[in-house]
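Undergrad: Structure below; questions to follow.
The values are calculated or read from the model by the stated rules, or taken from the named source; none is laboratory data. Keep in mind that this is a model prediction, so the values were computed, not measured. Here Cβ is always computed from backbone atoms with ideal geometry, including for glycine, and neighbour counts include all displayed protein chains. Note: areas computed on protein heavy atoms with side chains; ligands, DNA, RNA excluded. Shrake-Rupley method; radii C 1.70, N 1.55, O 1.52, S 1.80 Å.
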Amino acid sequence: MLRDFFSKKKKYATIPSERAKQEVPEGLMTKCPSCRTIMYTKELKKNLYVCSSCGHHHRMTAYERIESLIDQGTFEEFDKDMIAKDPLNFPTYEEKLEQDRKKTDLNEAVVTGRGTMNGYNTVIGVMDARFRMGSMGSVVGEKITRAIERAIETKEPFILFSASGGARMQEGVLSLMQMAKTSAALQKLDREGGLFISIMTHPTTGGVSASFASLGDYNFAEPKALIGFAGRRIIEQTIRQELPEDFQTAEFLLKHGQLDRVVHRQDMKDTLVKVLSMHQ
Ligand SMILES: [Zn+2]
């Protein structure tokens with residue numbers, strides 16, 4: 001009898017199975033890296049991932065961004081299954097791609113498609129920094145180029161949210177060529193009288209900031225987003241000067257004429273809809 005009692009106890013104390021563990025929601029609470037306020041992740045999500053106490057813009061996934069902007073049920077994704085090859089046989093590249101696919105449920109660092117925004121037709125692309133730091137490999141460049149070509153074909157405006165660490169070193173020169181390819185496609189869009197709105201989110205750096213992200217008819221950015229080409233330390237070492245504290249932030253670029261506007265995430269949809277309605 002006594003033995004039964006203990007064995008039962010033991011049964012109740014078992015470690016949850018792998019499956020049970022997975023069902024536990026990830027990160028019930030989130031701490032703001034800027035003001036250290038701890039809040040419910042659900043609340044934060046409802047607030048479009050903007051900290052309600054300091055306004056810090058947390059990272060958003062590509063699909064969450066699309067959901068926050070595109071009218072429900074109208075989004076039609078392009079080239080969802082396109083995946084990268086490993087043209088240089090770069091060590092561990094394929095494993096890393098596979099890991100990121102699993103981690104993010106994405107096949108690449110950008111999601112492109114078409115939908116309506118408050119009824120206005122639009123082609124939209126959203127980069128996702130969780131996938132290989134949003135780096136631009138051949139698939140990212142190709143998906144963006146195809147989205148631009150579709151916008152030309154259907155005479156719809158093109159909106160792109162960038163978030164990127166720059167070129168994807170594992171693809172070498174093929175990655176760098178995407179800068180020219182996407183820029184050429186945008187030039188064609190421009191010649192056809194198309195509209196391109198670029199929104200730079202945190203962080204937009206390297207080859208992405210040096211190509212399509214800076215080529216908008218309107219160049220917007222989210223508050224405090226890091227935007228630049230080379231890293232701060234490299235520039236300081238090269239020019240042997242100390243840089244201002246706010247260097248490479250959206251606000252700094254606005255002050256120096258490289259951006260048209262810094263748009264708070266909660267005003268993003270209204271701002272975009274206004275621009276779309278002006279260009280109808
Ligand atoms: Zn905060």
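Undergrad: When the residues of the stretch 49-64 are filtered to those that are aliphatic (A, V, I, L, M) and within 16 Å of ILE199 (Cα to Cα), which remaining residue is farthest from the ligand (Cβ to nearest atom)?
TA: ALA62
Undergrad: Follow-up. Answer yes or no as to whether GLU153 is surrounded by fewer than 18 Cβ atoms within 10 Å (Cβ to Cβ) and free of Cβ contacts under 8 Å to residues at least 24 places away in the same chain.
TA: Considered against the rule, which asks whether it is surrounded by fewer than 18 Cβ atoms within 10 Å (Cβ to Cβ) and free of Cβ contacts under 8 Å to residues at least 24 places away in the same chain, GLU153 comes out as yes.
Undergrad: Which condition breaks for LEU160 when tested against (1) in a helix (DSSP H, G or I); (2) touching a Gly at 6+ places or on another chain (Cβ under 8 Å); (3) not small (Gly, Ala, Ser)?
TA: Every listed condition holds for LEU160 apart from (1).
Undergrad: If I ask for residues that are open to solvent by less than 60 Å² (accessible area, probe 1.4 Å) and either among the acidic types (Asp, Glu) or farther than 27 Å from PRO87 by Cα (or both), which ones from the stretch 162-197 would you list?
TA: GLU171, LEU189, GLY194, LEU195, PHE196, ILE197
Undergrad: Moving on to the next point. Checking PHE131 against (1) within 16 Å of the ligand (Cβ to nearest atom); (2) open to solvent by less than 10 Å² (accessible area, probe 1.4 Å), which test does it fail?
TA: (1)
Undergrad: I've got another one for you. One residue is enough: does the stretch 84-106 have a residue meeting the conditions assigned to a strand (DSSP E or B) and surrounded by 15 or more Cβ atoms within 10 Å (Cβ to Cβ)?
TA: No.
Undergrad: Then there's this: Within the stretch 223-252, can you find the residues that are of a type in the set (Val, Ile, Thr), loosely packed, with under 15 Cβ neighbours inside 10 Å and closer than 17 Å to THR205 by Cα?
TA: Answer for the stretch 223-252, where residues must be of a type in the set (Val, Ile, Thr), loosely packed, with under 15 Cβ neighbours inside 10 Å and closer than 17 Å to THR205 by Cα: just ILE234.
Undergrad: Please return the ranges of helices (runs of 4 or more DSSP H) entirely within the stretch 168-280 where 2 or more residues are small (Gly, Ala, Ser). I'd like the intermediate steps shown before the answer.
TA: Working: elements: 172-191, 206-209, 232-239, 250-255, 265-278.
Correct list: 172-191, 206-209.
Undergrad: Return a yes/no flag: does the stretch 67-76 have any residue that is modelled with pLDDT under 95 and more than 16 Å from the ligand (Cβ to nearest atom). Steps first, please.
TA: Let us first name the residues in the stretch 67-76 that are modelled with pLDDT under 95, namely none.
Scanning the stretch 67-76 turns up no residue that is modelled with pLDDT under 95 and more than 16 Å from the ligand (Cβ to nearest atom).
Undergrad: Restricting to the stretch 253-276, name every residue that is open to solvent by less than 50 Å² (accessible area, probe 1.4 Å) and either farther than 24 Å from ARG65 by Cβ or of a type in the set (Ser, Thr, Tyr) (or both).
TA: THR271
Undergrad: Here's a follow-up. What number of residues within the stretch 44-81 satisfy the criterion of being of a type outside the set (Gly, Ala, Ser), assigned to a loop (DSSP other than H, G, I, E, B) and open to solvent by 40 Å² or more (accessible area, probe 1.4 Å)?
TA: Residues meeting the conditions: 10.
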